[in-house]
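Below is a structure I'd like to ask you about.
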Amino acid sequence: MDKEKFYITTAIAYTSGKPHIGNTYEIIFADAIARAKRMQGYDVFFMTGTDEHGQKIEMKAEEKGVTPKAFVDDVAGMIKNLFDSMNISYDKFIRTTDEDHEKCVQKIFKKFYEQGDIYKGYYEGMYCTPCESFWTESQLVDGKCPDCGRDVQPSKEEAYFFKMSNYVNQLIKHIIENPEFIQPVSRKNEMMNNFLLDDEFVGKSDEEILKAIENGTLKTKLQDLCVSRTTFKWGIPVDFDPKHVTYVWLDALNNYITGIGYDTENPSDLYKKLWPANVHVVGKDIVRFHTIYWPIFLMALGEPLPKQVLGHPWLLQGGEKMSKSRGNVLYADDLAGIFGVDSVRYYVLREMPYATDGTITWDLVTERNNTDLSNILGNLVKRTLGMSNQYFGGKIVNYNVHEDVDKELIEIASNIKDKVLNKVNEYKIADALEELWTLFRRANKYIDETEPWNLNKDESKKERLSTVLFNLLECINIGANLLVPFMPETANKIFKELNVKAREFEEIAEFGLLSEFNVTNNPQILFERIRMVDIQPKIDEIQAKQIAENAPAIEFKEMEPITIDDFAKIQLKVGLVVDCEAVPKSKLLHSTVKVGTKTLSILSGIAKSYTPEQMIGKKVVVVTNLPPREMKGFMSEGMIICAEDEIGNISLLSPEKDIIADGSNIS
Ligand code: MSP
């Protein structure tokens with residue numbers, strides 16, 4: 001019997017720069033779904049890629065002094081490498097500069113024109129270059145782009161328009177009759193109320209709206225879409241009017257069909273097999289393009305609509321504004337360099353709820369790595385393999401000597417496959433992982449309950465001990481099989497440790513399928529525990545590099561000149577921090593600083609950048625002739641000199657050579 005097909009896509013990333021962890025989250029999320037579907041026996045086709053045209057890219061290439069094509073080749077290559085490094089199992093990586101895509105988009109444009117869906121007119125409105133979006137005055141928020149909040153420019157030009165009114169009723173009907181089309185449901189309401197229905201119809205029941213469509217009385221607010229530009233060149237030319245290039249969204253959205261061989265006259269077999277897509281995975285900000293314009297283009301082509309558009313929430317960076325010039329943009333490869341690929345995959349999949357935004361920071365990833373991965377999963381595997389080797393030289397036989405305490409564990413393990421996959425099939429990946437971790441947690445508890453180390457003391461309990469370890473190994477094995485879609489490398493590592501192969505899908509949760517395990521006698525640590533203090537220097541280095549590449553030079557402001565005598569009045573000395581403590585409820589550190597034969601008590605507002613432990617033993621630069629003053633109950637008898645940049649990063653200044661003794665003069 002033929003396998004059922006499953007065609008899944010992600011949004012294609014702009015090639016204006018390197019995708020941050022939020023963009024990459026989407027690809028990891030879709031990858032987990034694609035892998036889980038493959039595991040369930042679907043014939044999966046997973047497509048991702050890059051969106052390479054538009055004015056912004058033309059401008060960026062010009063800034064860099066290269067052609068747009070050279071610019072996008074470079075960035076698309078980098079994006080593909082990034083996705084490969086995160087183990088993304090795409091079947092096709094489409095680029096909108098692929099020749100077959102460009103040709104097909106030209107044919108589609110022409111077909112729309114010839115059948116009267118596209119007409120020529122003038123465009124007058126506001127344009128947001130970064131979003132490549134036109135807006136009417138009324139759509140602007142405080143005069144800015146409603147999507148990204150940036151400035152928009154007025155623009156008037158000859159342009160082609162797509163007549164949305166030809167299809168809008170049909171679209172509204174489709175959305176009402178197919179409640180699964182836009183997910184989550186909240187996004188469906190947003191589309192209907194904000195972009196489709198005229199205010200008069202907002203809040204009316206589905207029945208009333210369908211009735212109005214039938215009677216021809218429905219009013220909508222969807223306007224015709226400008227689908228060509230003449231003010232820049234970097235786009236797919238309209239072949240019958242080459243001073244126009246195709247609007248980047250009309251170009252990009254079509255990737256979902258051109259990438260699998262659509263053609264206006266003679267579509268490929270692959271296309272016939274795969275279309276309509278089962279799901280388009282996109283971020284919440286571009287649901288509008290995918291549930292309004294894209295279905296309307298497909299209707300105009302006479303093609304069926306995708307079964308579902310899944311608008312996922314955003315992954316935000318700890319509430320802070322993300323900016324490269326602040327050096328705080330997180331990238332998947334930087335994170336993976338510290339935590340490993342699977343720890344990053346786990347974090348983003350586990351942390352992102354289905355409908356509300358998730359958060360990511362270095363601290364949060366560290367915490368998850370240490371708790372869920374190192375403590376729960378890593379320890380389970382380590383303890384079980386350790387005991388298997390210690391008590392039985394790695395060969396664990398299932399003697400089926402069961403006790404009551406086994407029941408719950410075996411029940412959880414036997415049901416876990418359905419529980420996890422039910423969640424995955426609803427695209428609730430964070431919940432699927434939560435389910436899976438109930439098994440690992442329960443198995444750890446089982447170790448504490450059964451106390452294998454005590455069973456080992458009693459010769460008559462050897463078969464029970466072996467059964468206990470077998471039960472644990474079986475839980476790890478079943479768990480590893482279910483980890484495959486989310487953390488493929490870790491699953492393979494565990495299979496290797498257990499000396500087993502991934503199971504056939506039907507057999508995954510068959511507890512006791514094997515009668516024995518022969519585990520490795522050299523188990524590896526799956527996840528190292530990570531301490532923020534150890535990785536902080538690496539994080540600083542990553543941030544410093546990002547700032548160096550992106551931050552504008554700090555403006556140099558002139559000050560009143562001083563004389564050399566003025567300068568000589570400041571007594572600057574090398575000090576050695578011999579003790580340090582945090583001052584409660586403040587940003588202050590209280591340091592005891594040895595300056596030659598004198599010892600000073602000094603307060604500094606640097607607690608957000610240094611821990612007391614980091615301070616002790618440091619040689620620092622100290623101003624020693626300031627008048628003493630009291631703060632928070634401590635005396636401060638000097639000042640430790642620090643550099644501080646415009647966004648509040650703080651660094652101590654220290655003599656470069658260790659040989660300089662404390663108390664030395666600085667001049
Ligand atoms: N090129 C368009 C998509 C065209 S699809 C025919 C685009 N590109 S993008 O590079 O800006 O974004 C790629 C995807 O990442 C989009 O789905 C977008 O919603 C998503 N995300 C952007 N920022 C994100 C987060 N902070 N978190 C999660 N997803 C994020 O839009």
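Hey, could you pull the Cα Rg and Dmax for the stretch 455-514, both in Å?
Rg then Dmax for the stretch 455-514, in Å: 13.5, 42.
Moving to a separate point now. Say the dipole of the stretch 61-212 comes from +1 at the beta carbon of Lys and Arg and -1 at that of Asp and Glu; which of V202, C104, Q183 then lies farthest toward its positive end?
After comparing all options, I get C104.
With charges only on Cβ, +1 for K and R and -1 for D and E, what is the dipole size of the chain about its Cα centre, in debye, rounded to 20?
Dipole magnitude for the chain comes out near 860 debye.
Rank V583, L572, P627 by how far each Cα sits towards the positive end of the charge dipole of the stretch 527-667 (+1 on Lys, Arg Cβ; -1 on Asp, Glu Cβ) and give me just the farthest.
Of the options given, the answer is V583.
State in Å² the accessible area per residue of the chain; use a 1.4 Å probe, count heavy atoms of protein chains only, and round to the nearest integer. Walk me through the intermediate numbers first.
Working: 31170 Å² over 667 residues.
Ligands and nucleic acids excluded, the result is 47 Å² per residue.
According to the square roots a ≥ b ≥ c of the eigenvalues of the Cα gyration tensor, what is the shape class of the stretch 322-379, taking rounded for a/c under 1.5, prolate for a/b larger than b/c otherwise, and oblate for the remainder?
Numbers: a/c = 2.24, a/b = 1.38, b/c = 1.63.
Here the stretch 322-379 falls in the oblate category.
Determine the sum of side-chain charges near Y122: Lys and Arg each +1, Asp and Glu each -1, restricted to other residues whose C-beta is under 13 angstrom from that of Y122. Intermediate values should be presented prior to the final figure.
On the way: positive: K120, K156, R229; negative: E124, E157, E158, D224.
Neighbour charge sum, excluding Y122 itself: -1.
Which net charge results for the neighbourhood of N166, defined as the other residues with beta-carbon distances under 11 angstrom from its beta-carbon, given Lys and Arg at +1 and Asp and Glu at -1?
Details: positive: K163; negative: D117, D224.
Net charge in that neighbourhood comes out at -1.
Hey, got a sec? Which GluC sites (Glu not before Pro) in the stretch 591-667 land in a DSSP loop and have at most 15 other Cβ atoms within 10 Å? Intermediate values should be presented prior to the final figure.
Values: sites: E613, E630, E637, E644, E646, E656; in loops: E637, E646, E656.
For GluC sites (Glu not before Pro) across the stretch 591-667 that sit outside H, G, I, E and B with at most 15 neighbouring Cβ atoms in 10 Å, the list reads E646, E656.
Calculate how large, on average over all directions, the projected area of the Cα convex hull of the stretch 15-129 is; give the answer in nm² to one decimal. Mind showing how you got there, number by number?
Numbers: hull surface 40.5 nm².
Average of the hull's projected areas for the stretch 15-129 equals 10.1 nm².
Still on this structure: Counting only helical runs of four or more DSSP H residues, what would the 222 nm mean residue ellipticity of the chain come to if each run contributes -39,500 (n - 2.57) and the total is spread over all its residues?
Working: 23 runs with 263 residues, N = 667.
Computed mean residue ellipticity for the chain: -12000 deg cm²/dmol.
To continue, here is another question. Under a point-charge model restricted to the Cβ atoms of Lys and Arg (+1) and Asp and Glu (-1), what is the dipole moment magnitude of the stretch 134-234 relative to its Cα centre, in debye to the nearest 20?
Taking the Cα centre of the stretch 134-234 as origin, the dipole is about 340 debye.
For the stretch 610-667, count all C-alpha to C-alpha pairs, find those more than 13 Å apart, and express that count as a whole percent of the total. Walk me through the numbers on the way to the answer.
Values: 1174 of 1653 pairs.
Percentage above 13 Å: 71.
Under the classification rounded if a/c is under 1.5, otherwise prolate if a/b is larger than b/c and oblate if not, where does the stretch 440-482 fall, given a ≥ b ≥ c as square roots of the Cα gyration tensor eigenvalues? Before the final figure, lay out the partial values.
Working: a/c = 4.49, a/b = 1.92, b/c = 2.34.
It comes out oblate by the Cα gyration axes.
Okay, moving on. Between N87, M59, I33, whose Cα lies farthest towards the positive end of the dipole of the stretch 1-131 when Lys and Arg beta carbons carry +1 and Asp and Glu beta carbons carry -1, centred on the Cα centre?
Projecting each Cα onto the dipole axis, the largest value belongs to I33.
Let me ask another. How would K557, K501, K111, K493 line up by accessible area, probe 1.4 Å, largest first? Could you put the intermediate results ahead of the total?
Working: K557 140, K501 170, K111 60, K493 95 Å².
Final ranking, largest accessible area leading: K501, K557, K493, K111.
Just in the stretch 1-90: which GluC sites (Glu not before Pro) are loop by DSSP and have at most 12 other Cβ atoms within 10 Å? Intermediate values should be presented prior to the final figure.
Numbers: sites: E4, E26, E52, E58, E62, E63; in loops: E4, E52.
Answer by residue number: E4.
With just the Cα atoms of the chain, tell me how far they stretch along each of the three principal axes, in Å, largest first.
Largest first, the chain extends 91, 90, 47 Å along its Cα principal axes.
Quick one: net charge of R345's neighbours, Cβ under 14 Å, K/R +1, D/E -1?
On the way: positive: R35, R350, R368, K493; negative: E26, D31, D84, D333, D342, E351, D372, E489.
Summing Lys/Arg as +1 and Asp/Glu as -1 gives -4.
Moving on to the next point. Using a 1.4 angstrom probe on heavy atoms only, work out the carbon and sulfur share of the accessible area of the chain in %. Present the calculation step by step, with values, prior to reporting the outcome.
Values: 15330 of 31170 Å².
Percent of accessible area from carbon and sulfur atoms in the chain: 49.
When a/c is below 1.5 the answer is rounded, else prolate if a/b is larger than b/c, else oblate, so apply that to the stretch 498-587 with a ≥ b ≥ c taken from the square roots of the Cα gyration tensor eigenvalues.
On the way: a/c = 4.69, a/b = 2.82, b/c = 1.66.
Prolate.
Sticking with this structure for a sec: Mean projection of the alpha-carbon convex hull of the stretch 549-667 over all orientations, in nm²?
9.4 nm²
About its Cα centre, how strong a charge dipole does the stretch 313-403 have in debye, to the nearest 20, once Lys and Arg get +1 and Asp and Glu get -1 at the Cβ? Please list the in-between numbers first.
Numbers: 9 positive and 10 negative charges, 40 e Å.
Taking the Cα centre of the stretch 313-403 as origin, the dipole is about 200 debye.
Any idea what the relative contact order of the chain is, in percent, if you count C-alpha pairs under 8 Å spaced at least 6 apart?
On the way: 1099 pairs, mean separation 75.9, N = 667.
It rounds to 11 percent for the chain.
The values are calculated or read from the model by the stated rules, or taken from the named source; none is laboratory data. Computed from a predicted model, the values in this text were never measured in an experiment. So basically every Cβ, Gly included, is an ideal-geometry build from the backbone, and we count neighbours across all protein chains shown. Just the protein is used for accessible areas: all its heavy atoms, side chains included, with ligands, DNA and RNA removed. Shrake-Rupley method; radii C 1.70, N 1.55, O 1.52, S 1.80 Å.
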